[in-house]
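J.: Supplied in structure tokens, the structure appears directly below.
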Amino acid sequence: MSVLEFTAPNIFSDPSFFSKDRQNIAKSAAEMIALLRKDPTLSMPVPVLDFVVDALERVANGQVITGIPLLTELTIHQASEILCVSEPYMNKLLDSGEIVSHQVGETRLVVLKDVLEYKERKKNLRLGVLAELVEESQKSGAY
């Protein structure tokens with residue numbers, strides 16, 4: 001699995017330098033963002049520019065950015081960590097077909113893209129149910 005990480009070196013190693021390092025990183029990221037947004041010669045698709053700007057803003061805030069290809073294969077353990085579920089529950093999701101898996105030897109693998117799509121489907125389902133509950137509450141005058 002190829003992983004590309006952008007992070008500020010030594011940002012947490014010495015607390016006395018934390019605010020100075022963070023300010024420098026934020027300033028550099030802000031300068032890069034301004035340059036990317038204003039440069040008329042920049043030939044970059046808008047979604048790519050948005051991604052780069054978002055990554056720079058996160059780095060400026062002290063976050064680590066990790067890029068992982070969507071077709072990366074994950075073990076059951078890794079997938080269950082992404083979904084914040086137990087491994088037995090993850091196996092039930094795979095057995096039911098809610099997330100596609102395949103077998104390599106004795107190891108069951110899932111594709112990161114499928115795990116993230118399942119996570120998004122569940123999020124949308126929760127938001128839909130919440131919207132229905134709010135609507136029902138408003139109609140009944142309880143909200």
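J.: Can you say whether Arg37 is at pLDDT below 95, open to solvent by 60 Å² or more (accessible area, probe 1.4 Å), in a helix (DSSP H, G or I) and in contact with a strand residue (DSSP E or B) (Cβ under 7 Å, 6 or more places away or on another chain), as far as the supplied structure shows? Break it down stepwise before answering.
T.: Values: at pLDDT below 95: yes; open to solvent by 60 Å² or more (accessible area, probe 1.4 Å): yes; in a helix (DSSP H, G or I): yes; in contact with a strand residue (DSSP E or B) (Cβ under 7 Å, 6 or more places away or on another chain): no.
Answer is no for this residue.
J.: Moving on. Please count how many residues of the range 118-137 are more than 19 Å from Val100 (Cα to Cα) and touching a Leu at 6+ places or on another chain (Cβ under 7 Å).
T.: Residues that pass the stated criteria total 0.
J.: Under 6 Å by Cβ, and 6 or more places apart or on different chains, what pairs join a residue from the range 51-79 that is farther than 30 Å from Val104 by Cα with one that is open to solvent by 30 Å² or more (accessible area, probe 1.4 Å) and among the aromatic types (Phe, Trp, Tyr)?
T.: Val59/Phe6
J.: May I pose another question? Can you tell me which residue is farthest from Leu112 (Cα to Cα) among those in the range 41-55 that are surrounded by 11 or more Cβ atoms within 10 Å (Cβ to Cβ) and at pLDDT below 80?
T.: Going through the qualifying residues, I end up with Met44.
J.: Please enumerate the residues belonging to the range 72-84 that are β-branched (Val, Ile, Thr) and either open to solvent by 70 Å² or more (accessible area, probe 1.4 Å) or closer than 17 Å to Lys122 by Cβ (or both).
T.: Ile82
J.: Before we move on, is Thr66 among the hydroxyl-bearing types (Ser, Thr, Tyr) and under 30 Å from Ala34 (Cα atoms)?
T.: Numbers: among the hydroxyl-bearing types (Ser, Thr, Tyr): yes; under 30 Å from Ala34 (Cα atoms): yes.
It is true that Thr66 is among the hydroxyl-bearing types (Ser, Thr, Tyr) and under 30 Å from Ala34 (Cα atoms).
J.: Oh, and also: Tally the residues that are of a type outside the set (A, V, I, L, M), closer than 21 Å to Pro69 by Cα and either at pLDDT 95 or above or surrounded by 10 or more Cβ atoms within 10 Å (Cβ to Cβ) (or both), restricting the search to the range 85-119.
T.: 9
The values are calculated or read from the model by the stated rules, or taken from the named source; none is laboratory data. The structure presented is a predicted model; accordingly, all values stated were derived computationally and were not measured. Cβ coordinates were reconstructed from backbone atoms using ideal geometry, including for glycine residues, and neighbour counts include every protein chain displayed. Heavy atoms of the whole protein, side chains included, go into the accessibility calculation; ligands, DNA and RNA do not. Shrake-Rupley method; radii C 1.70, N 1.55, O 1.52, S 1.80 Å.
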